[in-house]
Each structure stands twice: as structure tokens, then as C-alpha cells.
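Structure below; questions to follow.
The values are calculated or read from the model by the stated rules, or taken from the named source; none is laboratory data. Keep in mind it's a predicted model, so treat the numbers as computed, not measured. Counting neighbours? That spans all protein chains shown, and the Cβs are built from the backbone with ideal geometry, glycine included. Heads up: the accessible areas ignore ligands, DNA and RNA and are worked out on the full protein's heavy atoms, side chains in. Shrake-Rupley method; radii C 1.70, N 1.55, O 1.52, S 1.80 Å.
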Amino acid sequence: MAYVKKTLAPDEEYLYRAHFNWTYDVQSWFWLAFSAIPAGMWLEASARAGFAHDPIGHGFLFYAGAAFMLGVVICLRRYVHKWTTVIAVTSVRLILKTGMIARQSHEVMLDEIEEVLVTQTFLGRILGYGVLRVRGTGDAVVEFPVIGAPMRVRRELEAAIVEARGMARKRR
């Protein structure tokens with residue numbers, strides 16, 4: 001949100017921010033929990049053996065540690081992506097900003113948006129997530145990551161588009 005507030009033009013208002021769905025967090029924690037299974041298996045087997053020196057057990061410990069570290073990396077990577085992704089609607093433009101160190105920003109002026117598409121699978125409709133794709137004039141197509149409440153985001157975006165186009169007509 002700080003990025004959006006820093007880039008606001010004079011008389012531009014911050015209207016809405018989209019968020020990731022709760023299923024994104026569940027998937028992140030799933031990878032962490034799934035990767036902890038080998039470590040738990042090693043701990044349980046080692047406890048039964050009284051933590052005796054076992055070359056096979058040490059080999060499995062290496063595998064279990066590597067699997068757990070991979071799960072931690074996947075979980076952290078997903079959370080960093082979530083924390084550094086901003087999807088915002090202002091009174092003038094639609095913004096998608098990703099990245100912490102290397103930043104990538106897609107901005108589409110509201111009065112140049114031709115089409116707003118929402119794609120939801122059956123499960124997405126039940127759990128409340130979907131993909132938003134925005135087509136602007138020319139070849140501009142911005143596809144957003146899976147977000148929560150995509151129909152609400154679409155409604156907020158379309159309301160802002162109507163308002164922006166009405167203000168553009170008043171200026172002419």
C-alpha cells in the first residue's frame with residue numbers, strides 16, 4: 001500500500017485494495033507441514049531406537065532436513081510474494097505491483113480499460129477465489145494472481161471505471 005500512496009497523482013484517491021484468498025495461506029502451510037513429515041518420521045524412529053548411532057538413520061536425517069528446509073523455503077517464498085504484491089484501484093488507474101527488491105508494476109488507466117474478465121473454477125466459486133484479467137486499449141492485458149472475492153474486486157473496479165469516464169467527459 002505504501003507504493004500506491006507514494007505514486008498517487010494530485011487529486012487521485014485510493015479506492016480499493018484486493019487481497020489474496022485464505023486458501024493461499026492454507027497452501028503455504030500445507031507445504032511446510034508436508035515437508036515436516038519426514039523429519040517427524042525420523043524423530044519417531046530415532047526415539048524408539050533410543051537415538052542410537054545408525055548410518056541409515058543419519059542418511060534419512062539428511063533427507064528429512066533437506067525436505068523440511070525445502071518446505072520452509074517454499075512457505076517463505078509464498079508469503080514474501082503475498083506481502084509484496086499490491087492490487088489496488090485508485091480513482092485514475094488499476095495497479096498491480098509485485099516484488100520487493102526487483103519491482104514489477106502494471107498500471108492501466110481506468111478510462112482505457114475495455115474488458116474485465118473473471119475466471120472462477122467450481123472450487124473457486126465455493127471457496128471464494130478467482131483470477132482477474134483486464135484488457136486495456138491496444139494489446140494491454142494484465143492478468144492478476146489468484147485473489148479472494150474476485151466479483152467484489154470487479155464490482156469496485158467497474159464502479160471506479162464508470163466514475164473515471166464520467167469525470168473525463170466533464171473535463172471535455
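Only one of (1) more than 16 Å from Val92 (Cα to Cα); (2) modelled with pLDDT under 90 is not met by Ile113, so which one is it?
(1)
Still on this structure: Which pairs do you get when a residue that is closer than 17 Å to Glu156 by Cα and of a type in the set (D, E, K, R), found in segment 1-15, comes within reach of a residue that is open to solvent by less than 90 Å² (accessible area, probe 1.4 Å) and assigned to a strand (DSSP E or B), reach meaning Cβ atoms under 9 angstrom, with the pair 6+ apart or on two chains?
Glu12/Thr90; Glu12/Arg93; Glu13/Thr90
Given the conditions (1) modelled with pLDDT of 80 or more; (2) under 30 Å from Val142 (Cα atoms); (3) out of contact with any Ser or Thr (no Cβ under 9 Å at 6 or more places or on another chain), which single one is not true for Met1?
The one condition Met1 does not meet is (1).
What number of residues within segment 98-149 satisfy the criterion of being outside any strand (DSSP E or B), aromatic (Phe, Trp, Tyr) and surrounded by 13 or more Cβ atoms within 10 Å (Cβ to Cβ)?
Within segment 98-149, the first condition is being outside any strand (DSSP E or B), and the residues that meet it are 99-103, 110-112, 120-128, 137-140, 144-146, 149.
Filter once more, so that each one left must be aromatic (Phe, Trp, Tyr): 122, 144.
Going one step further and asking which of them are surrounded by 13 or more Cβ atoms within 10 Å (Cβ to Cβ), we end up with 144.
Qualifying residue count for the region: 1.
Go through segment 41-64 and count every residue that is part of a helix (DSSP H, G or I), of a type in the set (Asp, Glu) and at pLDDT below 70. It would help to see each step written out before you state the result.
Step one: filter segment 41-64 for residues part of a helix (DSSP H, G or I), giving 41-48, 55-64.
Next, only the ones that are of a type in the set (Asp, Glu) stay: 44.
This time we only want the ones that are at pLDDT below 70, so: none.
Count: 0.
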